[in-house]
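Report on the following structure.
The values are calculated or read from the model by the stated rules, or taken from the named source; none is laboratory data. What you see is a predicted model, and the numbers here were worked out from it, not measured in a lab. No Cβ is skipped: glycine too gets one built from the backbone with ideal geometry, and neighbour counts run over all protein chains shown. Each accessible area value is taken on the protein alone, full model and side chains, heavy atoms only, with ligands, DNA and RNA left out. Shrake-Rupley method; radii C 1.70, N 1.55, O 1.52, S 1.80 Å.
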Amino acid sequence: MTTASKTFRARTLTDALAQVRDELGPDAVVVRRREGLEGGVAGFFQKAVVEIDAQPGGPALQPAGGGRTSVLDDDAPIVPNPAPMPSAIAPALARDAAAAGFAAALATAERTPAPRPHVDPAVDAIPSPRDSGPEVVPVVAAPAHVAAPVPSFVPEPPASREAVPATSSLLPAVTPGPDEHPEVQRVLSVLHRAGLSERFATALVGEAAVHGLPFAEGEAPARLRPFVARALARRLDVAPLRSASAVAVVGAWGAGKTAVISRLATAYAAAGRLPVAVIALRPKDGGAELARLLAPAGVPLWATDDVEGAAARIANLRRGALVLVDTPAVPARAGAERDALVADLRRLGLDEVHFALPAVLAGEVAREMLAAARDLGADRIAVTHTDATARLGMAVELAVEARLPISYLADSVTVRPAAAEDLAFALLP
């Protein structure tokens, strides 16, 4: 009479063998072994499972010839047994078939047998199933003398290795040489003519060569200019108006601040989407020039020397309108007159202060004016007189150096919001 087998399931073969030993005793024999995956979500995050069928030991299960040997001994031989039907066997599943589920993994294993890596030493000690037929494997405890598998790659002794170069020596130089790309010298020349310093221009070209060209598509060598322009655009900060607020424009005499005020007011009035009003604080001509510029657009203007009255009017108008404030010229030297202007602007309760920087202004003079503008609370730069020079890059580099965003670009006729890429490609057409 055939002894009925019992099925045991565990995460590892060692755990399954322990269950067999506890329940069926040390003479038990494994007649079938299955390995697979279970659990998870949609085929992912599954865990390995070992399932074995075992029977109590008996005369029909002993090896031919010789005395009785416990199949739980470390050196127990494999006991032959009639092979079950192939459909009853689930061979080792490859890990990369987990997402396809148990059935798809089984089909994959049958077409292309591949041993699944094990983490349990007892599993490593058992041969993988062969295509010719399944094996009947005895319950075998993990042998104490099993050595760890030898890795396929054996590192060389430290003495035979070459010294690893320092990290800095592995990084490419950011500054490009004249022979690295055929466009390098031409691009540098264009940037210099646009008003950028040699240091700034070289840094832009180096960034484009190292971090831009590797992603170019098409035939080599790729065009360098677009990547240099984008490197410049990434360094630029722009901040035109985005909501109704109270905005002042400050600047030196002749910087173009009044022109910026009149053109902004005219543009908003023509669009008709946002009410706009202008206040001229202590104008020398009583506001006559600004009134003339605003008249065609019908923009209301209040010219006043009363700072407190101007502050009250701004507080009322800013609730639903854009209030633009034209200010007295910034004094060239620090002193009481400049301090008074700083105090007046603070009393007005402004949201933004834009500094009118002529594109023709450069060097230490421009830096001194920027320092004065910061004292006045300037947090943006409106570049003016952009059509008076081909060296617009001077103002752009000053804005980057001062870490102030550019709000508007104004020429002799128009004003337009600054856009980083448009400005960069204008310098490097």
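Scan segment 270-281 for residues that are more than 17 Å from P240 (Cβ to Cβ) and either of a type in the set (S, T, Y) or buried (at least 18 other Cβ atoms within 10 Å of the Cβ) (or both) and report the count.
Here is the first cut: in segment 270-281, the residues more than 17 Å from P240 (Cβ to Cβ) are 272, 275, 277-281.
Restricting the remaining residues to those that are either of a type in the set (S, T, Y) or buried (at least 18 other Cβ atoms within 10 Å of the Cβ) (or both) gives 277-281.
Count: 5.
Residues in segment 234-262 that are polar (S, T, N, Q) and touching a residue at least 60 places away in the same chain (Cβ under 8 Å) were compared, and the one that is surrounded by the fewest Cβ atoms within 10 Å (Cβ to Cβ) is S245. Only one entry in P226, P221 is at pLDDT below 95 and exposed (fewer than 14 other Cβ atoms within 10 Å of the Cβ), namely P221.
Taking the listed residues A373, A311, the one that is surrounded by 17 or more Cβ atoms within 10 Å (Cβ to Cβ), part of a helix (DSSP H, G or I) and more than 43 Å from the chain's Cα centre (by Cα) is A311, with no other qualifying. Looking only at residues in segment 335-362 that are part of a strand (DSSP E or B) and hydrophobic (A, V, I, L, M, F, W, C), the one that is surrounded by the fewest Cβ atoms within 10 Å (Cβ to Cβ) is V353. Filtered by the rule that a residue be aliphatic (A, V, I, L, M) and at pLDDT 90 or above, segment 339-365 gives A340, L341, V342, A343, L345, L348, L350, V353, A356, L357, A359, V360. Taking the listed residues A291, A332, A265, the one that is of a type in the set (A, V, I, L, M), assigned to a helix (DSSP H, G or I), out of contact with any Cys (no Cβ under 9 Å at 6 or more places or on another chain) and surrounded by fewer than 19 Cβ atoms within 10 Å (Cβ to Cβ) is A291, with no other qualifying. Please work out which one of (1) within 29 Å of the chain's Cα centre (by Cα); (2) under 18 Å from V413 (Cα atoms); (3) among the aliphatic types (A, V, I, L, M) is the condition A255 fails and give its number. Unmet for A255, out of (1) within 29 Å of the chain's Cα centre (by Cα); (2) under 18 Å from V413 (Cα atoms); (3) among the aliphatic types (A, V, I, L, M): (1).
What about R319, is it in a loop (DSSP other than H, G, I, E, B) and open to solvent by 10 Å² or more (accessible area, probe 1.4 Å)? Taking the combined requirement at face value, the residue satisfies it.
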